[in-house]
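Trainee: One structure follows; several queries about it will come next.
Since every read-out is calculated from the coordinates, none of them should be taken as a lab result. All figures in this text were calculated on a predicted structure; none of them were measured in a lab. Don't worry about glycine lacking a Cβ; one is built from the backbone with ideal geometry, like all the others, and counts go over all protein chains shown.
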Amino acid sequence: MMAVKLASIFFTMILVDNYVLVKFLGICPFLGVSKKLDSAVGMSLAVTFVMVLATAATWPIQMFLLTPEGSEGTSRDMGYLQTIVFILIIAILVQLLENFLKKFIPALYKSLGVYLPLITTNCTILGVTILNIDNGYDFIESVVCAAGAGLGFLLAMVLFSGVRRRVEEAVTPKCFEGLPITLVSAAITSLSFMGFGGIVESIFHV
Amino acid sequence: MSPIVLAIVLVTGIGLIGAVILVAASIFMYVPVDERVEKITAALPGANCGACGCAGCADYAKSVVEDGNAVNKCVPGGAKAAAAVAEIMGVEAGSATPMKAVVVCSGTCDKTSKRYSFEGVQSCQAVKGLYGGDGLCKFSCLGYGDCTRACAFDAIHIVDGIAKVDYAKCTGCGACAAACPGAVISIIPEHKRKPVVQCRNQEKGAVTRKQCTAGCIGCMKCAKACPKEAITVENNVAHIDQSKCVGCQLCVKECPVGIIHVPANQ
């Protein structure tokens, strides 16, 4: 039952509740880094990694520091500090990760380049960590959810980089050249994901 | 404990712990970097715009130090950043003279004409593939603007059928020269007085004459006029050695077809 629930969360995050195409979070890297396939994949993998790490770090902080059990309604309830504390944690994590990669995996550090610091202000990361708490997931569910959200991001980026290549080769009306046609194609890509609505519930019978 | 004190203690605590971890990490995982890289990064505007062709200011600083990238590629920083970077790179980098692009062709619409009418994809690359280009002179600028599209600084345009460099805007990055299928664009050191022969037609004088009225006919007049022997005529086309040239401009007056120009004055 546990495995089924985890699988359901995982695939829901990728297909049904895709953070970019359905929840419209993280649009900035989605439009900014999807021009080339390799940089899109690199960015998505970095986001996935930071997402899982950030969830693993913020979940215990929320549960044991901000809102420990039985604190609800009392003056000990620090839930209102969630946003600021989570941003702090994510910033620290990204910086730590950057140092780590620089020292131990310079090749990856070089290929990620400027994208890594940009993840600090990526709203999908904050969105995933906060929504995990809001959905009442336990620790393992949260981590699986973050991994799913990251892979969903990867899927959206890879799909859209393909779409964009086709759009760039096509002849577009002058008024649609550049960003407008990109936004229109993003909207249609997003629409296509609406087709996944309900698919996961039907497969896993949750 | 009152909630506000608790909140302050909590956030400060997390921040402090994070700071300690980060400081420890930066000491433990310290990667020795050339201190010039850090200095150059600090001197750059930090916009991470990528106009220099690198993945951000830090990456550009690294490429300046390690791969000998030009010091004047920063567009937002302009001359100020270039001067600062040049100063940091110091003596060993040499006094880095800025480079400029020069179009080595003078065959404007009134000087030469087309061999055939080309109606395919409007790019130099495409027309070059069809019998070596549509110009009468096969060494000429094709004028379909591959260089204009390659230029990130809006510094090169097709004027009167051939490419023309906006000398003030040109940063000498060489993107246009790389994009040109005919190798008509040279990247030479910037100089206020030194002239350039703006033709590379290697046909014999009589043939050149028929193709273009602004073509080098290899008459040697410039080579004879040059007091420093900086001009050589090879393959029926004159070439000025920029390192020997002193900028006296005697050749400019001497040239019967008027194709020796000082790029800075154009």
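Trainee: Around A:Val184, under 12 Å between beta carbons, what's the net of Lys plus Arg minus Asp minus Glu among the other residues? Present the calculation step by step, with values, prior to reporting the outcome.
Mentor: Values: positive: A:Arg164; negative: A:Glu177.
Net of charged neighbours comes to 0.
Trainee: How many angstrom lie between the C-alpha centres of the stretch B:1-78 and the stretch B:99-113?
Mentor: 45 Å
Trainee: Pick out which of A:Gly73, A:Gly42, A:Gly32 has the largest mean-square fluctuation in a Gaussian network model of chain A, springs linking Cα atoms closer than 10 Å.
Mentor: In this elastic network of chain A, the residue with the biggest mean-square fluctuation among A:Gly73, A:Gly42, A:Gly32 is A:Gly73.
Trainee: Given springs between every Cα pair under 10 Å in a Gaussian network model of chain A, which of A:Ser71, A:Ser190, A:Ser44 has the largest fluctuation?
Mentor: For chain A, modelled as a Gaussian network with Cα springs under 10 Å, the answer is A:Ser71.
Trainee: Neighbour counts of other C-beta atoms within 10 Å: give me B:Ser123, B:Ser2, A:Ser8 arranged from fewest to most.
Mentor: By the 10 Å Cβ count, ascending: B:Ser2, B:Ser123, A:Ser8.
Trainee: So for B:Val23, A:Val47, A:Val200, fewest C-beta neighbours within 10 Å to most, what's the order? Each step should come with its number before you reach the end.
Mentor: Working: B:Val23 10, A:Val47 28, A:Val200 20.
Going from least to most buried by this count: B:Val23, A:Val200, A:Val47.
Trainee: Over the stretch A:52-201, what is the mean sequence separation of C-alpha contacts under 8 Å (at least six apart), divided by residue count, expressed as relative contact order in percent?
Mentor: This gives 25 percent for the stretch A:52-201.
Trainee: While we're here: What does the helix-only formula give at 222 nm for the protein assembly as shown: each DSSP H stretch with n ≥ 4 adding -39500 (n - 2.57), the total divided by the residues, and the result rounded to the nearest 500 deg cm²/dmol? Don't skip to the answer; put the middle values down first.
Mentor: On the way: 20 runs with 229 residues, N = 472.
Taking each H run of at least 4 residues, the total per residue is -15000 deg cm²/dmol.
Trainee: Follow-up. For the stretch B:1-157, what value does the Rg/Rh ratio take when both radii are computed over Cα atoms and Rh is the Kirkwood radius, given to two decimals?
Mentor: My calculation of the ratio gives 1.27.
Trainee: Please state the equivalent ellipsoid semi-axes for the protein assembly as shown: what are the square roots of 5 times the Cα gyration tensor eigenvalues, largest first, in whole Å?
Mentor: Numbers: eigenvalues 719, 169, 43 Å².
After diagonalising the Cα gyration tensor, the semi-axes are 60, 29, 15 Å.
Trainee: Let me ask something else about it. So how tilted is helix A:123-134 from the main axis of chain A? Cα-based, degrees 0 to 90, rounded to 10.
Mentor: Long axis of A:123-134 versus the principal axis of chain A: about 40 degrees.
Trainee: For chain B, just the Cα atoms, rotate onto the principal axes and tell me the three extents in Å, largest first.
Mentor: Cα extents, longest axis first: 98, 47, 27 Å.
Trainee: Something else: What does the net charge come to around B:Val31 if you take all other residues with beta carbon closer than 9 Å to its beta carbon, with K and R at +1 and D and E at -1?
Mentor: On the way: positive: A:Lys102, A:Lys103; negative: none.
Taking every other residue near B:Val31 into account, the sum is +2.
Trainee: Hey, another quick one. May I ask you to sort B:Ile188, B:Ile156 by Cβ crowding, counting other Cβ atoms within 10 Å and putting the fewest first? Don't skip to the end; give the middle numbers.
Mentor: On the way: B:Ile188 17, B:Ile156 26.
The most exposed by this proxy come first: B:Ile188, B:Ile156.
Trainee: Taking Cα atoms, how many degrees apart are the long axis of helix B:78-89 and the longest axis of chain B, rounded to 10 and kept between 0 and 90?
Mentor: That helix lies at roughly 70 degrees to the long axis.
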